[in-house]
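What follows is a set of notes on a single structure, which appears directly below.
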Amino acid sequence: MSAATPARRGLADLPLPWATEREVARLARILGGGNLRALAHTAFHALPTESNLLFTGYVDLRSAELQESTLLTTPATIGELPARDLPDGAAALITISARGVATHLGAEARAAGLTVEPLAGETPVAGVDGDRMTALIGAYWGSGIQITLARGAIEAPIVIKIKSPAQGEALVTRIAVTLGENSSATISEEVIGSHVGRDTNSGATARALLATTSEVKLGKGAKLRLASIQELPEDVVYLPVRRHDFGANAELQIAAAQVGARLVRGRIDHQLTGNGSKVRQVEVLFAGGEQLHDLTTYSLHAGEKTVGDLLAKGVFAGKARGFVKGVTTIPRSGRGTNSYLGEFGMLLSKTARSVAIPSLWIDQPDCERAAHGSSVGPIDQNQIFYLRTRGLTEAEARRTIVMGYLEPVVAELPLEEEADRLREVLAAKLDAAFVAQSSAAASAA
Amino acid sequence: MTVVKPNVQDEREQYAFHDDITYLRETKAGLTEATVREISATKDEPAWMLEYRLRAYKHFEGRAMPHWGGDLTKLDFSKIVYYRKPSEREEKSWDDVPDQIKKTFERLGIPEAERKFLSGVGAQYDSEVVYHSVREDLEKLGVVFMGTDQGMKEYPEVFKKYFGTVIPAEDNKFAALNSAVWSGGSFVYVPKGVDVPLPLQAYFRINGQNTGQFERTLIVVDEGASLHYIEGCTAPNWATDSLHVAVVEVIALPGAKVRYTTIQNWSNDVYNLVTKRAHAHAGATVEWIDANTGAQLTMKYPGIYLLGEKAHAEIVSVAVASKGQHQDTGAKAVHLAPNSTSRIVGKSVSKDGGVSTYRGTVKVAPGATGVTTSVRCDALILDEGSRSETYPYIDIQEDDTSMSHEATVGRVSDDQIFYLMSRGMTENEATNLIVQGFLEVFTKELPMEYALEFNRLIRLEMEGALG
């Protein structure tokens, strides 16, 4: 296909030249899982981009220019990283990039019996039959790891660095995490560009694809803290699929920040099947320029007395759009559920757009709480006025207010350095947004 | 199960009877272009209306059934009779209404209500309006309240200017169906500055088996004028499906104030698929006060497009879904002008396997600066096997919008029941009182006679809810 005159594309089209049977066969030869891949391949071609009828009006993949991309296959083995690469205070480091997967386990991780292995080809991806993005990963994954902690606790975080592929490349990778009974661990994910220090490439076409899973299985009483900071360059399409299966009394705390990428289309599934299991999720979205952050969280409270506490906060500048969607389901088995879903937005420009669709689907009257809340508002002029009377400039006042709005989410990150780094990233993005806005206002005047 | 008290049984029968009536004219079951032409010819309409109907019919034919919302798979358009005419003309005097029809409405208490506190009343029996009257003093002020067919003939300028402007024929499949076969409904015009002091009421009754009722209501409230319009709906319980597909268009011109109240109590075999929308111009206020207790499936989302600066929208929507019922209801506020405001309150009760869905939209379009909007929707589920669904859509495209949305789903608290039972109530009475309290946000907006009637309806619905 010629790039000179791109064909007119529908909102839900995602042209991928490598989504073929031949590619499935090739990947199966290298990494295994031929039958599962074939099923996922069929599902990918049969499913609509959005299979949930509630959300079909909010799909836009047009910025994904992947029609000439090539799919990467990385070595099936896991390389060893030098000990010096291990960040201070981390238990283990795992890097995933176009070059493959490498790792280094620190003393604490080794002592606790943490293992990081290539993912077995026959490991199914749950949900391939109902979601097209999940099917995409199930069919065409080119690298995968299995992180296992059978028992015990690791205090320090396991750091996973995921680097985006170069322009014209597609990296499809799976991360499976299994925590055994009563074990506990912390994972800190950094999703970054392939070139350190590279400028964000606002306005460029997105010709790189990073599709990842995070498949977490928590045994009875297991506890996981999971943090993810995504600051990809704005020429990358990012498709994260997360699924969390909960044993009885298992707990997950997840903090995720989406700052970069041209297009993010993410899905999180919380399968709260174990009685007494809990999830607490906080998300930050900060989009500017032409970015689109499209995130959906599904929570299934199938067990008794499960808890879901979900909070998303978005800031949208420039021409950015945020589609924040949620479906909380309480089937008849979910007696005593306590569930809250909050989706909040702040718009910094007249051309930005915030969409929130927090849905509930409830079959069990005996629930402790089933609620959602949502609000969208501007920066409060009274607060600006107050801060200015205290000696702050207008820009400082605005920054203080926006950072204060996001802080409850940022403070959830397990490593203090990470929280600080995210604060810096957000502040820089905020300044850039205000500069862009005032120059736009000046040129309009 | 709790034993149903005999007096309650009697009250339900108040609505459930049907009359054996010989229709003056009726179309054959099923819908073809010939049916549309036949309806139009019967009504001796202007040519433009026939063209409009045919265009709408074509769209209806070509448009797919909505695949979201309720289950429409059993709805068979070929079994419905699209037009049934019970009487020769629309009467202005109650005494002139044919006896059998008069008896129906007398059993429902319509003329009594008129004498007591209404400014005017209209009654539609199957496809045609059989009676319309408006108080003489209001008539002198230029207030028009008549059947829509008559309105088209007597006030062609106002009619043609506004008809189909709020809800185009192509809006959705059911709006297209109504546009093709509409008959009856109310046409209301309130001139500039006129305040209609008491409610106008319309009463819709489906009597015949497999009848489709397609009333079309057009309400124009001119600058600075005010109106409260109330409609009620009932049908006898045939064991086969009837269809109610109405289109209601309301235009509130600058500074006007309109309140539209509905108490929908169709029998449980009716498909109630209604499009209701209002345009609120600058400084106008439109209020939809909407209750749905009847029908097997209701799909109804009263909408207000805020077209002018400082327009205000208020939507209160309550629903009770019992056995075999799906109330898929909600509200839409579309802000297209600066400093417009809206408030939506949705309340639903699901019981005995009923399904309640709240489906709502708040949209703030680019250019609509300084908008304030709030949504509150709460649901009660009374027993296992019943379901509550909430689907709010919030789409904000202006940076100085202030929007808040809250929703909760829960059951009746044991503590409240226990407290009320300790004061001597039975469990049923206690639940009933709590549900009435939960729905009070709606009841308090009604004139007193209606509030009493509505509470009686809820009590009826609640009988046998527990045990």
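Overview of results
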item	result
Fraction of antiparallel bridges per DSSP, the range A:21-271 only, in percent to nearest 5	10 percent
Those residues of the range B:347-395 for which accessible area with every protein chain present is at least 40 Å² below the isolated value (1.4 Å probe)	B:Ile381, B:Glu384, B:Arg387, B:Thr390, B:Tyr391, B:Pro392, B:Tyr393, B:Ile394, B:Asp395
Antiparallel %, DSSP beta bridges [both residues in chain B], to 5	10 percent
Top of A:Thr393, A:Thr148, A:Thr70 by mean-square fluctuation, Gaussian network on chain A, Cα under 10 Å	A:Thr393
Probe 1.4 Å, all protein chains present, accessible-area order of A:Thr212, B:Thr22, A:Thr273, largest first	B:Thr22, A:Thr273, A:Thr212
Farthest toward positive dipole pole in the range A:21-271 [+1 Lys/Arg, -1 Asp/Glu at C-beta], among A:Ile158, A:His244, A:Gly79	A:Gly79
Gaussian network model of chain A, springs between alpha carbon atoms under 10 Å - residue of A:Ser374, A:Ser63, A:Ser51 with greatest fluctuation	A:Ser51
Beta bridges by DSSP in the protein assembly as shown, antiparallel share as percent, to the nearest 5	10 percent
Computed [θ] at 222 nm, deg cm²/dmol, chain B (DSSP H ≥ 4; -39,500 (n - 2.57); rounded to nearest 500)	-7500 deg cm²/dmol
Contact order normalised by residue count of the range A:21-271, Cα under 8 Å, 6+ apart, percent	18 percent
Furthest towards positive pole of dipole, B:Val134, B:Gly151, B:Leu460, structure part chain B, Cβ charges	B:Gly151
Radius 11 Å from Cβ of A:Lys305, net charge of other residues (Lys, Arg +1; Asp, Glu -1)	-1
Kyte-Doolittle at least -0.5, axis length at least 27 Å by Cα - qualifying DSSP helices, chain A	A:416-444
Tail weight of P(r) past 27 Å, computed on alpha-carbon pairs of the range A:21-271, percent	34 percent
Of A:Lys220/A:Lys278; B:Lys300/B:Lys363; A:Lys429/B:Lys332; B:Lys257/B:Lys310, pairs whose Cα-Cα distance is over 23 Å	A:Lys429/B:Lys332
Order by protection proxy (mean Cβ within 10 Å, highest first), peptides A:403-414, A:124-135, B:179-190	B:179-190, A:124-135, A:403-414
Heavy atoms of B:Asp195: accessible area, 1.4 Å probe, square angstrom to 10	100 Å²
Under 15 Å, Cβ to Cβ, from B:Thr285 - net charge with Lys/Arg +1 and Asp/Glu -1	-3
For B:Ile230, residues with placed amide H under 5 Å, excluding near neighbours	B:Leu200, B:Gln201, B:Ala202, B:Thr261
Reach of B:Lys102 by Cα under 17 Å, taken over aspartates and glutamates that are not fewer than 8 positions away in the same chain	B:Asp19, B:Asp20, B:Glu88, B:Glu90, B:Glu91, B:Glu112, B:Glu114, B:Asp126, B:Glu128
In sequence order, calculated HN-Hα J values of the range A:290-302 (Karplus, 6.51, -1.76, 1.60; Hz; x Gly/Pro)	9, 5, 10, 10, 10, 10, 10, 10, 9, 10, 10, 8, 7
Cα centroid separation - the range A:232-285 against the range B:274-335, whole Å	35 Å
Reachable aspartates and glutamates, given that their alpha-carbon falls under 13 Å from the alpha-carbon of A:Lys217 and they are not under 8 places away in the same chain	A:Glu181, A:Asp245, A:Glu251, A:Asp269
Whole-number percent relative contact order across the range A:321-445, with pairs defined as alpha carbons under 8 Å at least 6 apart	21 percent
Phi to ³J(HN,Hα) by Karplus 6.51 cos²θ - 1.76 cosθ + 1.60 over the range A:111-116, Hz, x for Gly, Pro	4, 7, x, 5, 10, 10
Gap separating the Cα centres of the range B:206-230 and the range A:390-445, nearest whole Å	53 Å
A:Ala312 long-range amide H proximity, modeled H, under 5 Å	A:Glu283, A:Gly342, A:Glu343, A:Phe344
Per residue, the convex hull volume that the Cα atoms of the protein assembly as shown enclose (Å³)	194 Å³
Estimated 222 nm signal from helices in chain A, with DSSP H stretches of n ≥ 4 weighted -39500 (n - 2.57), rounded to 500	-6500 deg cm²/dmol
Note, ³J(HN,Hα) from phi for the range A:146-162, Karplus 6.51, -1.76, 1.60, rounded to Hz, x at Gly and Pro	10, 9, 10, 10, 6, 8, x, 10, 10, 6, 6, x, 8, 9, 10, 9, 10
Of B:Lys161/B:Lys276; A:Lys319/B:Lys173; B:Lys74/B:Lys173; B:Lys85/B:Lys276; B:Lys28/B:Lys58, those spanning more than 23 Å from alpha-carbon to alpha-carbon	A:Lys319/B:Lys173; B:Lys85/B:Lys276
Long-range amide H partners of B:Ser127 with built H, under 5 Å	B:Arg84
Under 12 Å from the Cα of B:Lys79 - aspartates and glutamates, other chains or at least 8 residues apart	B:Asp241
Total formal charge among the other residues, if their Cβ is under 11 angstrom from that of A:Glu424, Lys/Arg +1 and Asp/Glu -1	-2
Most fluctuating residue given options A:Arg265, A:Arg399, A:Arg37, as computed from a GNM of chain A linking Cα atoms under 10 Å	A:Arg399
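The values are calculated or read from the model by the stated rules, or taken from the named source; none is laboratory data. Everything numeric here is computed off the predicted structure, so don't read it as measured data. Glycine gets a Cβ as well: all are built from the backbone with ideal geometry, and neighbour counts include every protein chain shown. These accessible areas exclude ligands, DNA and RNA; they are computed on the full protein's heavy atoms, side chains included. Shrake-Rupley method; radii C 1.70, N 1.55, O 1.52, S 1.80 Å.
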